[in-house]
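Every number in this text was worked out from the coordinates using simple rules, so none of it is lab data. Here the structure is a predicted model, which is why all the values come from computation and not from measurement. Don't worry about glycine lacking a Cβ; one is built from the backbone with ideal geometry, like all the others, and counts go over all protein chains shown.
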Amino acid sequence: SAKTADDTEMYNTGLENFLVEARTLATFKHPNIVRVARFFEQHNTAYMVLEYERGQSLKVWRKNHPDTPEADLLNLLFPLLDGLQVMHENGFLHRDIKPDNIYVRDEDGSLVLLDFGAASQTALGSAAAVGVFTPGYGPIEQCQGTDNQGPWTDIYAMGATLFWFITGKKPVDSLQRAGRVDPLPLAEDTCLGRYS
């Protein structure tokens, strides 16, 4: 709810935008994006219900698969990138891609992108409205809350997730990487002999 009477208009606009976004997200039909089952208004707010996925987060799954061969890793990730492309082509950004928001399904081992809490429709100009990001996975434009966000914002987060997967270490926060010397070791050096 709005914290003060002065916030009521902003709250109502946010609520309306949420419902528009939920309605659009519900139209996405891709096997690697979790489906929006329903959305509704209740108690002067709105809710989005996602389909239940049986599995475990990529973060948990990796503990039992730390040496996944490159070909298997690519076969896992490429369909996820196809799903992101569907979102991007419809003007949406996920904005919180990280190992905890990617699930490995129990039934077939495929990946599914979860948690659209930070998703936004770039056409509404709302991408920079809220500084939602996970340190290490959010690119500098997202960390700084600038309007310069687009598909590249999610691609950066996917790259950071891939870096984490192959090195076992969370990437250095993008704000710390903005200086003259990037403190993040090159994945090419870190994974020499394991991945191309």
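For the chain, the residue among Pro139, Gln85, Thr190 whose Cα projects farthest onto the positive side of the dipole built from Cβ charges is Thr190.
Please report the projected area of region 46-110's Cα convex hull averaged over all directions, in nm².
Numbers: hull surface 22.1 nm².
Projected over every direction and averaged, the Cα hull of region 46-110 covers 5.5 nm².
The lysines whose alpha-carbon is closer than 29 Å to the alpha-carbon of Lys59, local same-chain residues fewer than 8 away aside, are Lys29, Lys98, Lys169, Lys170. For Gln56, nonlocal amide neighbours, meaning residues 5 or more places apart or on other chains whose placed amide H falls under 5 Å from its own, are Val104, Asp106.
If I take every Cα pair under 8 Å that is 6 or more residues apart in region 24-105, average their sequence separation and divide by the length, what percent do I get for the relative contact order? Intermediate values should be presented prior to the final figure.
Values: 69 pairs, mean separation 29.5, N = 82.
So the answer I get is 36 percent.
Local charge for Asp106 was computed over the other residues whose Cβ lies under 15 Å away, with Lys and Arg +1 and Asp and Glu -1, and equals -2.
Taking Cα centre as origin and charging only the Cβ of basic (Lys, Arg, +1) and acidic (Asp, Glu, -1) residues, the dipole magnitude of the chain rounds to 380 debye. Using only alpha-carbon positions in region 3-66, the gyration tensor eigenvalues give semi-axes of 32, 16, 10 Å once each is multiplied by 5 and square-rooted (largest first).
Summing Lys and Arg as +1 and Asp and Glu as -1 over all other residues whose Cβ lies under 13 Å from the Cβ of Arg23 gives a net charge of -2.
With contacts taken as Cα pairs under 8 Å and at least 6 residues apart, the chain reaches a relative contact order of 17 percent.
Extension gain for Ser196 to Gln176 (0.36 nm times residue separation, less C-alpha to C-alpha distance): 4.6 nm.
Rounding to the nearest 20 debye, state how big the charge dipole of region 1-94 is about its Cα centre with +1 on each Lys and Arg Cβ and -1 on each Asp and Glu Cβ.
Working: 9 positive and 13 negative charges, 79 e Å.
The calculation lands at about 380 debye.
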